[in-house]
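Below is one structure; the comments refer to it alone.
The values are calculated or read from the model by the stated rules, or taken from the named source; none is laboratory data. The structure presented is a predicted model; accordingly, all values stated were derived computationally and were not measured. Cβ placement follows ideal geometry from the backbone for every residue including glycine, while neighbour counts extend to all protein chains displayed. When the accessible area is computed, the model is the full protein with side chains, heavy atoms only, and any ligands, DNA or RNA have been set aside. Shrake-Rupley method; radii C 1.70, N 1.55, O 1.52, S 1.80 Å.
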Amino acid sequence: MKMTRIFVAALAALGLSGLAWAASSGQRAPEHHHWHNAGPFGTFDREAVQRGLQIYQEVCASCHSLDLIKFRNLGETGGPFESAEFPNANDNPIVMQIAAGYMIEDGPDDAGDMFERPGLPSDAFPSPFANPQQARGSNGGALPPDLSLIVKARSHGADYVRSLLLGYDEEVPEDVHVAAGQHYNPYFPGGLLAMASPLSEGIVTYSDGTEATMEQMSEDIVTFLTWAADPHMEARKQMGVMVLLYLFIFAILVYIAYRQIWANVKH
Ligand code: HEC
């Protein structure tokens with residue numbers, strides 16, 4: 001009886017502190033979405049990752065870097081342009097073409113000068129700004145965070161980023177003062193951020209013909225960012241399943257061995 005009471009009290013305290021947190025941060029909990037890659041057997045929807053890449057390139061990349069992703073990652077196992085024909089992603093023509101579409105600063109050359117050259121599969125996506133100061137300068141003092149790990153860096157990352165992208169339409173509550181350069185979004189901690197809604201209906205024309213609705217684009221860019229934050233997710237899950245299978249078979253063998261060993265012992 002006593003234990004149950006303590007348990008109930010602890011639960012109530014937890015619940016209350018959760019409520020207090022939500023109220024103090026003024027942040028709305030993200031809407032739960034069903035992701036193709038969720039769960040122990042979930043895999044990435046390749047086409048969604050490809051469409052998300054297109055959104056990153058055409059919309060987000062003008063402000064956000066993606067430092068940890070190299071072009072060749074796009075063609076590696078689990079990546080959006082993985083191909084059995086090109087096991088070495090550096091030889092994958094789609095990857096080479098995407099990389100070559102960027103100019104990368106390199107150097108110094110023999111004369112000591114920096115120079116620009118077309119991108120190679122081994123290069124990372126270049127940053128839109130030369131340094132954080134320049135990035136802040138162009139964004140009213142706010143720093144657009146690197147998006148490589150954003151889905152992992154935020155709690156309920158995928159649901160949060162999706163809700164954030166879809167959460168700009170809300171009416172501003174009366175007690176919230178939106179300063180110049182700020183935008184109201186109930187899913188952002190504090191409710192005000194320096195990024196205006198980056199997406200709008202039809203802002204991209206998908207190369208695969210999919211209609212670019214807000215819902216579709218938010219799902220696609222988040223799928224891409226989820227892949228970017230965990231490019232080896234599929235291999236990791238497969239390994240997990242194999243390990244469990246192995247342990248299961250091993251447990252049966254151990255049990256059979258135990259029966260054998262003790263079979264003729266009186267007890
Ligand atoms: C015009 C520049 C600009 C573009 C384009 C842009 N962003 Fe941002 N973004 C920002 C800035 C600035 C911030 C920081 C806002 C702040 O801290 O007030 C930000 C913040 C974010 C955050 C972080 C929220 C957090 O919890 O810290 C996410 C996620 C994000 N952007 C995603 C995107 C995605 C996805 C796209 C493309 C669809 C995109 N952004 C396009 C400027 C931009």
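Here are the numbers for the structure shown:
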{"read-out": "Complete set of residues in region 118-148 that are within 11 Å of the ligand (Cβ to nearest atom) and of a type outside the set (Gly, Ala, Ser)", "value": "128, 129, 136, 139, 143, 144, 145, 146, 147"}
{"read-out": "One residue from 159, 169, 175 being modelled with pLDDT under 95, closer than 23 Å to residue 58 by Cα, more than 11 Å from the ligand (Cβ to nearest atom) and out of contact with any Cys (no Cβ under 8 Å at 6 or more places or on another chain)", "value": "169"}
{"read-out": "Any hit, region 61-69, residues being over 23 Å from residue 146 (Cα atoms) and assigned to a loop (DSSP other than H, G, I, E, B)", "value": "no"}
{"read-out": "Residue among 257, 212, 263, 229 that alone is small (Gly, Ala, Ser), farther than 30 Å from residue 43 by Cβ and either assigned by TED's automatic domain parsing to the domain that holds residue 137 or open to solvent by less than 50 Å² (accessible area, probe 1.4 Å) (or both)", "value": "257"}
{"read-out": "Pick from region 41-57, criterion outside any loop (DSSP other than H, G, I, E, B) and of a type outside the set (A, V, I, L, M), ranking: farthest from the ligand (Cβ to nearest atom)", "value": "46"}
{"read-out": "Helices (runs of 4 or more DSSP H) contained entirely in region 100-178, each with at least 2 residues that are among the charged types (D, E, K, R) and open to solvent by 30 Å² or more (accessible area, probe 1.4 Å)", "value": "none"}
{"read-out": "In region 137-168, the residues that are in contact with a helix residue (DSSP H, G or I) (Cβ under 9 Å, 6 or more places away or on another chain) and among the acidic types (Asp, Glu)", "value": "159"}
{"read-out": "Those residues of region 181-203 which are surrounded by 16 or more Cβ atoms within 10 Å (Cβ to Cβ), more than 8 Å from the ligand (Cβ to nearest atom) and of a type in the set (S, T, N, Q), in sequence order", "value": "185"}
{"read-out": "Boolean, residue 18 is under 19 Å from residue 166 (Cβ atoms) and at pLDDT below 95", "value": "no"}
{"read-out": "Counted residues, region 40-96 - those being over 30 Å from residue 131 (Cα atoms), among the polar types (S, T, N, Q) and open to solvent by 20 Å² or more (accessible area, probe 1.4 Å)", "value": "4"}
{"read-out": "Odd one out for residue 13 among (1) of a type in the set (A, V, I, L, M); (2) modelled with pLDDT under 90; (3) in the same structural domain as residue 165 (by TED's automatic domain parsing)", "value": "(3)"}
{"read-out": "Failed criterion for residue 194 (all others in (1) in contact (Cβ under 8 Å) with a residue 12 or more places away in the chain; (2) farther than 22 Å from residue 27 by Cβ; (3) out of contact with any Lys or Arg (no Cβ under 9 Å at 6 or more places or on another chain) hold)", "value": "(2)"}
